[in-house]
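Enquirer: Below: one structure in structure tokens.
The values are calculated or read from the model by the stated rules, or taken from the named source; none is laboratory data. Because the structure is a prediction, the values reported are computed rather than measured. Positions of Cβ are generated from backbone atoms using ideal geometry, with glycine treated the same way; all protein chains shown enter the neighbour counts. Remember, those area values only see protein heavy atoms, side chains included, never the ligands or the DNA or RNA. Shrake-Rupley method; radii C 1.70, N 1.55, O 1.52, S 1.80 Å.
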Amino acid sequence: MMADYHQNGSANGDFAATNDLDHAGHIETDANDDAAIEQVTALAGNMTVEEDEAFREKAKAAGWSAVPSNMNYHQTHDDAFAEHAKHHAVYEWDDEYGEVGPEQPELEKQLFNDPFRTREGEKLDNLDLPCSVEGPLKLFHVRTFAAAGLHPLVLDTITNKIGWNRTTAIQAYTIPAVLSGNDVVAVSQTGSGKTAAYLVPVISRLMGKAKQVCAPRPKFSSTSGDVRNHRVKAEPIVVIVVPTQELAAQVFHECRRFCYRSMLRPVFTCGGQHMGVTLDQLSRGADILISTPGRLCDLINRPEVLSMSRVLYTIIDEADEMLHGDWETEMSKILGGGDANEDADHVYMMFSATFPKEIRKVAREYLTSDHYRLAVGRPGSTHMNITQDVINVAGYLKMKACFDLLLDGPKVRTLIFCNAKHTVDALDAYLYQRHLPVTAIHSNRGQREREFSLRAFRHGEIPILVATGVSARGLDVAGIMHVINFDLPSTAYGGITECVHRIGRTGRIGNEGRATSFYDAERDQDIASALVNILLEQKCEIPDFLAEFVPADGQAVFDDESDDEDDEDDVAAADTAFTSDAADFSADAGTGSTADEAPSAAAPGAW
Ligand SMILES: Nc1ncnc2c1ncn2[C@@H]1O[C@H](COP(=O)(O)OP(=O)(O)OP(=O)(O)O)[C@@H](O)[C@H]1O
């Protein structure tokens, strides 16, 4: 159980009201000028030897340790086996087995025995929210991977080597949609398995066909000389675009597991990677290319290095972020520029946990009219496995509040989000000087430093990570039990959408977690109403200081669910063909979750 985070403030968690102040003066922790940065840094430093020793003892007494001893930072659960549906589709594999690679016991160990991977928690059923489906044909969902008509080797990898028991709601619908060969845009809660939802059907379709569909590999053997004399141009079959280098690496690792024995070669690249390394990787052949948008555009501009002419699947992960105005030039190039394969067999897919209405409109411009639109629960909702808490903290007291929260709360793997890079640095220094095991990550830090921090956090060696929101989109680290929003994202920088992604780093794939947000009444008013709606939706407690933002009838209000009327022409082709009963998934699941009970049941045709 989590501790009472309100204990250091007044009864309603008001840190501003506490008399126990270490530091005087108001500090704009998010201000951008040098004076503010200096102030924040001063707050983090200037400690006497005695104070330093006192903090060391305090951290130790509270149970924080940089080296995992008897503390279990990495929480896992026994696999929970869900009861399966009586009425779901069963598809059979009816394609050729094809030519596959040999078994490789050493590689198997490396791919499937990772002690740090996220394991399914006991509350996976809570992600079984109703799924709204719009598309050209009625879509029958699959409750097990065995029923999905996957290539036998992919099925063997999932069920016997990785050991997954069942599909999540988004996988249950996305797998048949992708196998049908249509474009797909899908949204479901954070940590609900969207990566596998697109990787599994795509790799299943390519399994056994590597030699038929992929570009030739370099003809290099140990006796034929230097590899540099045998370079090829990379001609990927699958291109996956993600916003950050951490996510590119993460998707790459997930991809490698599903590709086992496929003879497909996944490669990842990102802006932080040395171009020489990227070119070397590509020159060895790249069948599945995972990249950040800027780097991908650089490569598209070098036709001697990369050709997009063979691409059969273009997948945009975190699609709402990618289709955001900031990336417009890159995305229009990636989604149709260069020598892109413009044949009808080129499938486009987009995934995210949030999809604001205006971005959904942009997304449709890139998809064929007969695409599937899948939405599990309300697009942009959180889920009930995350307990959310908001504490009222004046800006100048946030560092102390954060330290107190960490000291008095449970000693679990904790991810702290700040809005600005300099705040990340200052908070990192402040907590480090108080002997808490902390590290930090943001885009101004070098690739090696970012990799080190993330690895140390992932392995539980350093259980507290401070980050900017951008660095952590999509991040899947096992056992994050607590997310702290040190700053709430202002509406100009993603607002509630950004908040949902941050909170979603905990409570993944059926595990439970806690999110605590610091609310500064002077600067967070713009997000207050949206925050209250999210809390109401998940039946979380509304603190007194947010009571004025609760709608009159006490019910959450969202105006983002349906598309504008003037959009109707655009989507008519898809809409008229088929719109499902949104309650299908949970009703069939036999798990006790019904559309009525589900907190964020999406109406049919929710978007
Ligand atoms: N059917 C499944 N059973 C058990 N674990 C699964 C299943 N599908 C995916 N996972 C695991 O669940 C974790 C979360 O998946 P993933 O990162 O794809 O979530 P996501 O929906 O993309 O989240 P986000 O929106 O935050 O990016 C991963 O570690 C993944 O390996």
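Enquirer: Excluding residues fewer than 8 places away in the same chain, name every one of the lysines whose C-alpha is closer than 19 Å to that of Lys194.
Expert: Straight-line reach from Lys194, under 19 Å: Lys123.
Enquirer: To continue, here is another question. Tell me which chymotrypsin sites (Phe, Trp or Tyr not before Pro) from the stretch 488-555 have a DSSP coil assignment and no more than 13 other beta carbons within 10 Å of their own.
Expert: Here no chymotrypsin sites (Phe, Trp or Tyr not before Pro) fit, given the DSSP loop and packing criteria.
Enquirer: Using C-alpha positions alone, give me the convex hull volume of the stretch 137-191 per residue in cubic angstrom.
Expert: Value for the stretch 137-191: 88 Å³ per residue.
Enquirer: Skipping prolines and chain starts, which residues have an amide H placed within reach, meaning under 5 Å, of the one on Ile416, given they are 5 or more residues away or on another chain?
Expert: Those qualifying (amide H under 5 Å, at least 5 residues apart or on another chain) are Leu465, Val466, Ala467, Ile484.
Enquirer: Next question. Considering just Cα atoms, how many Å³ per residue does the convex hull of the stretch 285-397 enclose?
Expert: Normalising the Cα hull of the stretch 285-397 by residue number yields 181 Å³.
Enquirer: While we're looking at this one, here's another question. For the stretch 115-150, which trypsin sites (Lys or Arg not before Pro) are in a loop by DSSP, counting at most 13 other Cβ atoms within 10 Å?
Expert: Lys138
Enquirer: Now for a separate question. Heads up, I need the accessible area for Lys58: 1.4 angstrom probe, whole protein in place, Å², nearest 10.
Expert: 100 Å²
Enquirer: Grab the other residues whose beta carbon is less than 11 angstrom from that of Arg505, score K and R as +1, D and E as -1, and report the net.
Expert: Summing Lys/Arg as +1 and Asp/Glu as -1 gives +3.
Enquirer: Another one. Give me the one-decimal nm value for the distance between modelled label points at Arg448 and Lys109, 7 Å along each residue's Cα-to-Cβ direction.
Expert: 2.9 nm
Enquirer: If you don't mind, another one. Net charge around Glu246, counting only other residues with Cβ within less than 11 Å of its Cβ (Lys, Arg = +1; Asp, Glu = -1)?
Expert: Here the count lands on +2.
Enquirer: Enumerate by residue number the GluC sites (Glu not before Pro) in the stretch 297-363 meeting two conditions: DSSP loop (anything except H, G, I, E, B), and at most 13 other Cβ atoms within 10 Å of the site's Cβ.
Expert: Filter output for the stretch 297-363: Glu304, Glu342.
Enquirer: Okay, moving on. Going by accessible area, probe 1.4 Å, with all protein chains left in place, what is the ranking of Ser443, Ser283, largest first?
Expert: Putting Ser443, Ser283 in descending order of accessible area: Ser443, Ser283.
Enquirer: Is the shape of the stretch 86-157 rounded, prolate or oblate, going by the alpha carbon gyration tensor and its root eigenvalues a ≥ b ≥ c, with a/c under 1.5 for rounded and a/b larger than b/c for prolate?
Expert: oblate
Enquirer: Given Lys60/Lys421; Lys400/Lys539; Lys219/Lys333; Lys138/Lys333; Lys209/Lys233; Lys138/Lys539, which pairs have Cα atoms separated by over 22 Å?
Expert: Check vs 22 Å cut-off fails for Lys60/Lys421; Lys400/Lys539; Lys219/Lys333; Lys138/Lys333; Lys138/Lys539.
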